[in-house]
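The values are calculated or read from the model by the stated rules, or taken from the named source; none is laboratory data. Note that the structure is predicted; figures quoted are calculated from it, not measured. Ideal geometry is used to build each Cβ from the backbone, glycine not excepted, and the neighbour counts take in all protein chains shown. Heavy atoms of the whole protein, side chains included, go into the accessibility calculation; ligands, DNA and RNA do not. Shrake-Rupley method; radii C 1.70, N 1.55, O 1.52, S 1.80 Å.
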Amino acid sequence: MVCVRFAPSPTGYLHLGNARVAIFNYLFARHNGGKLILRIEDTDRERSTKEFEESIVEDLRWLGIDWDEFYRQSERFDIYREYAERLLREGRAYECFCTPEDLEREREEAEKKGIPYRYSGKCRDLSNEERKRLKEKGVSYTVRLRVPPNRDVSFKDRLRGFVSINTDDFGDFIIVRSDGSPTYNFVVVIDDALMGVTHVIRGEDHLSNTPKQILIYEAFGFSIPEFIHLPVILGEDRSKLSKRHGAVSVRSYREEGYVPEALFNYLATLGWNPSEEREIFTKEELIRMFNIDDISKAPAVFNREKLKWMSGIYIREVLDIDTLYRYALPFIKEAGFDLTDEDYVKRVLEKTKDSFETFAEMTERLNPLLKKEINMSEEALNLLRTEESRVVIEAFLEKMGDNINSQDVKRIAKEIQKEKGIKPKIIWQTLRACITGKLEGVGVDIIADLLPPEIWKERLQKGLMYVSSSK
Ligand code: GLU
């Protein structure tokens, strides 16, 4: 059975690049009826935090990813210790007593000679007595894998084909640090082997780790999984996507109110397309059509505008009204809106959903519809202070009945134009300024169909106050 894993380190928020790795693992597992493991790689106790772990788990769920098994590496130290001891017993690994200063000296020498640094192997052949003596003296030590010199370690990456790296490029590397904590390259192999991982799908930044990991597989006689290293995501300037390019965490897109299905859709089809004439796919369609061999080998370029556009498509065309309401609700609460009757809000969303692409934009656009009191912008106030505006508002109040809808507004505007000789533009801008407090935004006629008429009237009367107070 296919078994894959997503293995984030909880040292920060879930990055878009990692989210994409998670999505590809998820699609691969579900397409093949296999298993997805979520493994929290928190062996670096200093940089890992519980808060980041929780945020990663929440953000994955928010994206619509679920998993079948969950592990935390910090709970598996006994297992790793046992496996390290086994390698020591079998002579496949050895204790290294070199101090950080010793190693620094070696590094400097290599640098002087202009050759790539690798450990000299000084402790490789210490006698048992010597080791015992140093341990008794309390000298701290790391554990290093005994790496065969000058061997080409080769493997076939499913996307890039044949990859080969010579062991002289890295030498005997550390598998257990002097504080007893195991290193990434060591634990990842033990976990992948014990958890039955069949395919390792991860970012290409791990490509240079793979030969080291293969040597560990070999040392234990574990069978080696298939490797698929995904190209990284670049910013529009073609450098690796980072904070310099703006928001790069899933969390920030979530907070800005992007539609999660849109982010999933966007990241899944970034560098992979199910070769059809469209770009919007449900998760089920993506699972059904997924083919890992079709992922582009070229780096993918992140385009925020396109993601935002896609979020807008989901709001306008894909989400049903109940989902739209559910997604909008936390933003409505956060904004402190008070016109929040469920049926009313749903009617508002249905009528205005083509005017925003994220829920943060929604709170701005819908302010005049969902909040009783509106703030007046400086431009709106200036407009209302004109004599023409006074005429428009007075006439409108006179002509308006107890109800108001878009037809009424159009009819009354025409009448005012005819009777008072005021330009339509001024009439509409005056109404807009009164009703929304701004000079741009959702159409006044649309608002007339939604906003309770008593509030409509109230705002016109208030508008009149601004006019008279300026006299
Ligand atoms: N914990 C590693 C990372 O966050 C992933 C390791 C792997 O997938 O092998 O980059």
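For this structure, a couple of remarks:
- Residue that is surrounded by the fewest Cβ atoms within 10 Å (Cβ to Cβ), among those in segment 201-227 that are closer than 20 Å to M1 by Cβ and more than 11 Å from the ligand (Cβ to nearest atom): S223
- Restricted to segment 150-170, and to residues there that are under 30 Å from K135 (Cβ atoms) and modelled with pLDDT under 95, the residue that is least open to solvent (accessible area, probe 1.4 Å) is F170.
- With respect to the stated conditions, E379 fails to be within 27 Å of L339 (Cα to Cα), charged (D, E, K, R) and without any contact (Cβ under 8 Å) to a residue 12 or more places away in the chain.
- Checking each residue in segment 395-417 for being of a type in the set (D, E) and without any contact (Cβ under 8 Å) to a residue 24 or more places away in the chain picks out E398, E415.
- Segment 40-60, subset touching a helix residue (DSSP H, G or I) at 6+ places or on another chain (Cβ under 8 Å) and among the polar types (S, T, N, Q), residue modelled with the lowest pLDDT: T43
- Residue match in segment 245-263 (condition: within 16 Å of the ligand (Cβ to nearest atom), assigned to a loop (DSSP other than H, G, I, E, B) and of a type outside the set (K, R)): yes
- Subset tally (residues that are more than 10 Å from the ligand (Cβ to nearest atom) and either in contact (Cβ under 8 Å) with a residue 40 or more places away in the chain or touching a Lys or Arg at 6+ places or on another chain (Cβ under 9 Å) (or both)) for segment 186-200: 7
- Helices (runs of 4 or more DSSP H) within segment 274-337 that include 1 or more residues in contact (Cβ under 8 Å) with a residue 60 or more places away in the chain and closer than 13 Å to P260 by Cα: 283-289, 321-334
- When residues in segment 46-56 are screened for being within 14 Å of the ligand (Cβ to nearest atom) and open to solvent by 50 Å² or more (accessible area, probe 1.4 Å), 2 of them pass.
- The residues of segment 202-243 that are in a helix (DSSP H, G or I), free of Cβ contacts under 8 Å to residues at least 12 places away in the same chain and farther than 17 Å from R146 by Cα amount to a single one, K243.
- Residue in segment 257-268 that is open to solvent by 40 Å² or more (accessible area, probe 1.4 Å) and at positive phi present: no
- Pick from segment 1-39, criterion open to solvent by 20 Å² or more (accessible area, probe 1.4 Å) and more than 14 Å from the ligand (Cβ to nearest atom), ranking: modelled with the lowest pLDDT: M1
- Candidates D354, D408, D402, D343, filtered to the one that is farther than 22 Å from G463 by Cα and out of contact with any Lys or Arg (no Cβ under 8 Å at 6 or more places or on another chain): D343
- Residues located in segment 82-131, provided they are open to solvent by less than 50 Å² (accessible area, probe 1.4 Å) and basic (K, R): R131
- Number of residues in segment 89-112 that are farther than 28 Å from S48 by Cα and either in a helix (DSSP H, G or I) or among the charged types (D, E, K, R) (or both): the value is 12.
- Within segment 37-92, the set of residues being under 16 Å from V188 (Cα atoms) and aromatic (F, W, Y) comprises F70, Y71, F77, Y80, Y83.
- Test: residue in segment 119-138 that is part of a helix (DSSP H, G or I), farther than 30 Å from P299 by Cα and within 16 Å of the ligand (Cβ to nearest atom): no
Residue by residue, here is whether (1) over 19 Å from the mean Cα position of the chain (by Cα); (2) modelled with pLDDT of 95 or more; (3) closer than 19 Å to G441 by Cα holds:
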{"site": "I292", "(1), (2), (3)": "yes, yes, no"}
{"site": "S296", "(1), (2), (3)": "yes, no, no"}
{"site": "A300", "(1), (2), (3)": "no, no, no"}
{"site": "W309", "(1), (2), (3)": "no, yes, yes"}
{"site": "G312", "(1), (2), (3)": "no, yes, yes"}
{"site": "E317", "(1), (2), (3)": "yes, yes, no"}
{"site": "T323", "(1), (2), (3)": "yes, yes, no"}
{"site": "V345", "(1), (2), (3)": "yes, yes, yes"}
{"site": "K353", "(1), (2), (3)": "yes, yes, yes"}
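- Going through (1) touching a helix residue (DSSP H, G or I) at 6+ places or on another chain (Cβ under 9 Å); (2) modelled with pLDDT of 95 or more; (3) open to solvent by 60 Å² or more (accessible area, probe 1.4 Å) one by one, N273 falls short only on (2).
- So A360, is it of a type in the set (G, A, S), open to solvent by less than 30 Å² (accessible area, probe 1.4 Å) and in a helix (DSSP H, G or I): no
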